[in-house]
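**Student:** After the structure tokens below, expect a handful of questions from me.
The values are calculated or read from the model by the stated rules, or taken from the named source; none is laboratory data. Keep in mind that this is a model prediction, so the values were computed, not measured. Don't worry about glycine lacking a Cβ; one is built from the backbone with ideal geometry, like all the others, and counts go over all protein chains shown. Please note that ligands, DNA and RNA were not included when accessible areas were found on the heavy atoms of the full protein model with its side chains. Shrake-Rupley method; radii C 1.70, N 1.55, O 1.52, S 1.80 Å.
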Amino acid sequence: MSTPTPHNAAVKGDIAESILLPGDPLRAKFIAENYLENVKCYNTVRNMNGYTGTYKGKPVSVQGTGMGVSSIGIYSYELIHFYGCKKLIRVGTAGSYQEHLKIGDIVFAMGACTDTNYASQYEFKGTYAPIASWNLLYKAVEFANSKGFKNTVGNVFTSEIFYNGSNPHKKWMEMNVLAVEMEAAALYMNAAAAKVDALAIVTISDSLVTQEETTSDVREKSFTNMMEIALEVV
Ligand code: HPA
């Protein structure tokens, strides 16, 4: 295991043990520029920006992961195994599956169902249940509540497909899954396999129930409550 990797120009030591993982590299830049001090950009390979700085004196990194399990699977694996990351928090967006979850609401993914075959690499004889780190989840919920940020804890669905030829959503909605996104399950499995802590925090950006949407500019620049939670607990 050596650094740099084909996807990351950082060398070991450039990246903090605690790291935020937005899908969008421009959101990584936004977080670094608006929340971190003494910031150094350690990666621009594929424009998948990564930065290390400090938050309230604590070293924290932030790395774009791209979209989907394949992409976050690569970045999070390298961060854990090649760069020594121990606490990884995805900060992303998700589509609401439940009427009571509105645009801007925060969801903590306690578990992540998936239609991907990511778990097949481990050759289980049954079904693996990807879950959040209890330690990070507990602290995140406690902090969110102390700030009065509306939040819901439960299952999300990590989907392989954004533009579906069929409608896979109804069954997950009926099973009380809260929202759909595309990365949490892979992050949880990579973290579990390496016995490190991971959490996915998502903000609702659109609704599969009401078809409401937000713009990409709002996606990139807003959702600051979720970022504050992640920075506080990571
Ligand atoms: N589907 C999948 N991933 C998403 C969505 C969605 O509707 N919204 C935000 N991430």
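**Student:** Can you find a residue in the range 211-226 that is without any contact (Cβ under 8 Å) to a residue 60 or more places away in the chain, aliphatic (A, V, I, L, M) and within 12 Å of the ligand (Cβ to nearest atom)?
**Tutor:** Looking for residues that are without any contact (Cβ under 8 Å) to a residue 60 or more places away in the chain, aliphatic (A, V, I, L, M) and within 12 Å of the ligand (Cβ to nearest atom), one finds none in the range 211-226, hence no.
**Student:** Against the definition (more than 15 Å from the ligand (Cβ to nearest atom), surrounded by fewer than 17 Cβ atoms within 10 Å (Cβ to Cβ) and among the aromatic types (Phe, Trp, Tyr)), how does Tyr188 come out, yes or no? Walk me through how you get there before you give the answer.
**Tutor:** Details: more than 15 Å from the ligand (Cβ to nearest atom): yes; surrounded by fewer than 17 Cβ atoms within 10 Å (Cβ to Cβ): no; among the aromatic types (Phe, Trp, Tyr): yes.
Judged against the criteria, Tyr188 is not a match.
**Student:** Given (1) within 11 Å of the ligand (Cβ to nearest atom); (2) over 27 Å from Gln121 (Cα atoms), identify the lone condition not met by Asn176.
**Tutor:** That leaves (1) as the condition not met.
**Student:** Then there is this: Report every pair of residues separated by at least 6 positions or lying on different chains whose Cβ atoms are under 6 Å apart, first residue within the range 76-103 and at positive phi and in contact (Cβ under 8 Å) with a residue 40 or more places away in the chain, second in a strand (DSSP E or B) and open to solvent by 10 Å² or more (accessible area, probe 1.4 Å).
**Tutor:** none
**Student:** Here's another thing I want to ask about it. For Phe108, which of the numbered conditions (1) surrounded by fewer than 12 Cβ atoms within 10 Å (Cβ to Cβ); (2) under 22 Å from Arg27 (Cα atoms); (3) more than 12 Å from the ligand (Cβ to nearest atom) fails to hold?
**Tutor:** Answer for Phe108: the failing condition is (1).
**Student:** Tell me, which residue of the range 128-150 that is farther than 18 Å from Gly111 by Cα and of a type in the set (Phe, Trp, Tyr) is modelled with the lowest pLDDT?
**Tutor:** Once the filter is applied, the top-ranked residue is Phe149.
**Student:** Can we say Leu231 is touching a residue at least 12 places away in the same chain (Cβ under 8 Å), away from the ligand (no atom under 16 Å from the Cβ) and part of a strand (DSSP E or B)? Don't jump to the end; show me each part of the working.
**Tutor:** Working: touching a residue at least 12 places away in the same chain (Cβ under 8 Å): yes; away from the ligand (no atom under 16 Å from the Cβ): yes; part of a strand (DSSP E or B): no.
The answer is no for Leu231.
**Student:** For the range 191-204, give me each residue that is under 22 Å from Ser76 (Cβ atoms) and within 16 Å of the ligand (Cβ to nearest atom). Give the derivation first.
**Tutor:** At the first step, the residues of the range 191-204 found to be under 22 Å from Ser76 (Cβ atoms) are 191-203.
Within the range 191-204, Ala200, Ile201, Val202, Thr203 meet the criteria.
**Student:** Six or more apart or on different chains, Cβ under 8 Å: which pairs go from a residue in the range 152-171 that's part of a loop (DSSP other than H, G, I, E, B) to one that's surrounded by 10 or more Cβ atoms within 10 Å (Cβ to Cβ) and at pLDDT below 95? Could you list them?
**Tutor:** From the range 152-171, the pairs are Ser159/Pro168; Ile161/Pro168.
**Student:** How many of the residues making up the range 140-150 are in a helix (DSSP H, G or I) and open to solvent by 80 Å² or more (accessible area, probe 1.4 Å)? Walk me through it before giving the result.
**Tutor:** Taking the range 140-150 as the starting set, the residues that turn out to be in a helix (DSSP H, G or I) are 140-147.
Narrowing the set further to residues that are open to solvent by 80 Å² or more (accessible area, probe 1.4 Å) leaves 142, 145-147.
So the count comes out to 4.
**Student:** Looking at the range 84-98, which of the residues that are away from the ligand (no atom under 16 Å from the Cβ) and open to solvent by 10 Å² or more (accessible area, probe 1.4 Å) is farthest from Val180 (Cα to Cα)? Before the answer, list the steps.
**Tutor:** First pass over the range 84-98, keeping only residues away from the ligand (no atom under 16 Å from the Cβ): 84-89.
This time we only want the ones that are open to solvent by 10 Å² or more (accessible area, probe 1.4 Å), so: 84, 86-87.
Values: Gly84: 29, Lys86: 26, Lys87: 23 Å.
Taking the candidates together, the pick is Gly84.
**Student:** Can you tell me which of Thr114, Thr65, Thr127 is of a type outside the set (Phe, Trp, Tyr) and open to solvent by less than 30 Å² (accessible area, probe 1.4 Å)? Let's see the steps before the verdict.
**Tutor:** Values: Thr114 fails: open to solvent by less than 30 Å² (accessible area, probe 1.4 Å); Thr127 fails: open to solvent by less than 30 Å² (accessible area, probe 1.4 Å).
Matching residue, one of Thr114, Thr65, Thr127: Thr65.
**Student:** Among the residues of the range 138-173, write down those that are within 15 Å of the ligand (Cβ to nearest atom) and in contact with an Asp or Glu (Cβ under 8 Å, 6 or more places away or on another chain).
**Tutor:** Result: Val156, Phe157, Thr158, Ser159, Glu160, Ile161, Pro168.
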